[in-house]
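Enquirer: Dropping a structure here in structure tokens format, bear with me for questions.
The values are calculated or read from the model by the stated rules, or taken from the named source; none is laboratory data. Nothing here was measured: the structure is a model prediction, and the numbers come from that model. Each accessible area value is taken on the protein alone, full model and side chains, heavy atoms only, with ligands, DNA and RNA left out. Shrake-Rupley method; radii C 1.70, N 1.55, O 1.52, S 1.80 Å.
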Amino acid sequence: MSEQGMLEKIHKLEGKHKTAGIIKVMESRHADAEVVCEALNALADVADEDAINEITHYLEHDDPKVRIAACKAGLRVGTDYLNTRVHYQLSQDKDPEVKKAVQEAIDERINHPRESD
């Protein structure tokens, strides 16, 4: 499946709240960092237990772009657990670009909380 096809499939599954399907796409051997990042964003919208577990798993991914996307997804979900894990990741990550992006996401979340908060 092409990258564009994978992205379209993720969006379709997101609309149906099909966490297992999103995870299957992102774990495909053809899924690159962009696909995984988009899948993490979709999982944040679904925000069920399986989605939260999967987001948590990617907080320590080898690819800095994926770690940033996982942190942003975790902040969007906004559970106490994920907020704590994102802050922990910020304190432990060695990549200055990741630290900067995560801190900006935290600051954005603080300055512009969701309306439902």
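Enquirer: How large is the accessible surface per residue of the chain, computed with a 1.4 Å probe and reported in Å² as a whole number?
Expert: On a per-residue basis, the chain sits at 59 Å².
Enquirer: Before rounding to the nearest 500, sum -39500 (n - 2.57) across all DSSP H runs of length at least 4 in the chain and divide by the residue total; then give [θ] at 222 nm in deg cm²/dmol.
Expert: Rounded to the nearest 500, the figure is -23500 deg cm²/dmol.
Enquirer: Largest first, what is the accessible-area ranking of R29, R67 with a 1.4 Å probe?
Expert: R29, R67
Enquirer: Sticking with this structure for a sec: Which entries in the list K9/K72; K16/K65; K9/K99; K18/K99 go over 23 Å, if you measure between the two C-alpha atoms of each?
Expert: K16/K65; K9/K99; K18/K99
Enquirer: For the chain, what does the relative contact order come out to in percent, with C-alpha contacts under 8 Å and a separation of six or more?
Expert: It comes to 19 percent, rounded to a whole number.
Enquirer: Something else now. On the full set of protein chains, 1.4 Å probe, figure out the accessible area of Y81 and give it in Å² to the nearest 10.
Expert: Approximately 120 Å² for this residue.
Enquirer: Return one number: the angle in degrees, 0 to 90 and rounded to the nearest 10, between the long axis of the Cα atoms of helix 49-58 and the longest principal axis of the Cα atoms of the chain.
Expert: The helix 49-58 is inclined about 70 degrees to the chain.
Enquirer: Given the whole protein assembly as supplied and a 1.4 Å probe, what does the accessible area of M26 come to in Å², nearest 10?
Expert: Accessible area, nearest 10 Å²: 10 Å².
Enquirer: Ordered by residue, what ³J(HN,Hα) values in Hz, to whole numbers, does region 62-72 give under the Karplus form 6.51 cos²θ - 1.76 cosθ + 1.60, where θ = phi - 60° and Gly and Pro are x?
Expert: Karplus values, whole Hz, x for Gly and Pro: 5, 7, x, 4, 5, 4, 4, 4, 5, 5, 5.
Enquirer: Separate question: With a 1.4 Å probe and all protein chains kept in place, how do H87, H61 rank by accessible area, largest first?
Expert: Output order, biggest surface exposure first: H87, H61.
Enquirer: Moving on to the next point. Using only Cα atoms and rounding to the nearest 10 degrees, what angle (0 to 90) does helix 80-92 make with the longest principal axis of the chain?
Expert: Around 70 degrees separate the two axes.
Enquirer: Ordered by residue, what ³J(HN,Hα) values in Hz, to whole numbers, does region 96-108 give under the Karplus form 6.51 cos²θ - 1.76 cosθ + 1.60, where θ = phi - 60° and Gly and Pro are x?
Expert: x, 5, 5, 4, 4, 5, 5, 4, 4, 5, 5, 4, 4
Enquirer: Next question. Using all alpha carbons of region 74-113, what is the percent of pairwise distances in each 5 Å bin, ordered from the shortest bin to the longest?
Expert: Pairs per bin, as whole percents: 6, 26, 32, 25, 9, 1.
Enquirer: To test your reading of the geometry: what angle, between 0 and 90 degrees and rounded to tens, separates the Cα axis of helix 33-46 from the longest principal axis of the chain?
Expert: Orientation of helix 33-46: about 80 degrees from the principal axis.
Enquirer: First compute the accessible area of the chain with a 1.4 Å probe, then give the percent of it belonging to carbon and sulfur atoms.
Expert: The C+S portion of the solvent-accessible surface of the chain is 49 percent.
Enquirer: At a Cα cut-off below 20 Å, give the aspartates and glutamates reachable from K94, other chains included and same-chain residues fewer than 8 away excluded.
Expert: Cross-link targets: E60, D62, D63, E104, D107.
Enquirer: Still on this structure: Can you list the equivalent-ellipsoid semi-axes of the chain, largest first and in whole Å, using the square root of 5 times each Cα gyration tensor eigenvalue?
Expert: Value: 23, 17, 12 Å, ordered largest first.
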